[in-house]
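The values are calculated or read from the model by the stated rules, or taken from the named source; none is laboratory data. Because the structure is a prediction, the values reported are computed rather than measured. Here Cβ is always computed from backbone atoms with ideal geometry, including for glycine, and neighbour counts include all displayed protein chains. Quick note on the areas: whole protein, heavy atoms, side chains included, nothing else; ligands and nucleic acids left out. Shrake-Rupley method; radii C 1.70, N 1.55, O 1.52, S 1.80 Å.
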Amino acid sequence: MLLILSQENFEVTTENIIDWLNFYGVKWVRLNGEDLQTKTSMRFVIGKNGDELILDHKGRNIADCVSTIWFRRTFDAGVFEYEKFDLPLSKPNYHTLVKHLTNEYYAFYWLLELYFEKRRVNWLSKPSTTRINKIRTLILANSLGLKIPETMLTNNVEFLKKPGRKDKGFLITKPITECINLQISMGSLMMYTQRVSDAVIKRMKNFFFPSLFQQEIEKEFEIRSFYLNGKFHSMAIFSQGDEQTKTDFRHYNFRMPNRQVPYKLPSQIEQKLDLLMKSVNLDTGSIDLIKTPQNEYIFLEVNPVGQFGMVSAPCNFNLEKKVAEFLREKEDKVKKNGEFISKVIS
């Protein structure tokens, strides 16, 4: 049986893949993070130093039946119903609680991974591999022969004023880890890659919070490539004709969207990217690159969660079907081999 680890809100990708799993007749159980605290139909116990697991789903221990696990994403603590806690929810307390509960949930998923490591269970994505270090990945990509932007991490404005840096063009800045959304009374604030002009640098204090800066790369177009088990499904994004999307295509122009078309990366780039993904133990993820007017490919980053809906529909890749087929093949292999998943490997 397939166990899907996901979340309840804002996760249409999981629903789309489940539709295909139903079509193929794959047996599955979905465990959302919210289920562990809001539904009496899902109870769990991890005990005996991690050697016992009970996932009680409607009176049945499904842990004994799990043969494949798809870790889609962890619980989004930011949407939890905080009125259930008897706490003064000032802004500091709110954000502290969000961070704490998110880490608590990751600890639970890591314990699940530890338990199932002792059994012949197939995985598509693992909790332990979905929190990668962006800087380390850049350095690793460069060591494997991929070109990356000139990058620095600094807390001092003087390093942004080095002689000769102005001749290289603009700097850009973006989060060292992942972008987040900040909720405000009128909606939400999004984090984007942002150009850092000379005027901005002049207004900056000498010291500031440690921040990531990169040399801005001239783009012919941007590339988002979804990676699944050694195969690439890439899309070219023509973001440069619109000032709103020029620096970061995620600053979407919904009135006049960027043109997006299927794209085939050169085989040598795919080989290096494949080696990178294997080096960071990722069998799936979404990769961002830049294609320059000089016909160079610049690696930017990889998102381990693998947002691929935006690639699937415009390019007719039908990635939801491909992911479902991949999971079905995992399950079929277990049945063919006659493996008993609940048996502990001695």
Among helices (runs of 4 or more DSSP H) completely within the stretch 235-346, the ones holding 3 or more residues that are modelled with pLDDT of 85 or more and in contact with a Ser or Thr (Cβ under 6 Å, 6 or more places away or on another chain) are 319-337
Out of all the residues in the stretch 191-201, is one or more under 23 Å from the mean Cα position of the chain (by Cα), aliphatic (A, V, I, L, M) and more than 30 Å from Val323 (Cβ to Cβ)?
no
Margin query: Just to be sure before I move on: is Gly25 open to solvent by less than 30 Å² (accessible area, probe 1.4 Å) and either modelled with pLDDT of 60 or more or closer than 30 Å to Leu228 by Cβ (or both) in the structure I sent?
Written below: no
Selection over the stretch 112-166 where residues are crowded, with 16+ Cβ neighbours inside 10 Å, among the basic types (Lys, Arg) and either at pLDDT 90 or above or more than 30 Å from Asp198 (Cβ to Cβ) (or both) yields a count of 3
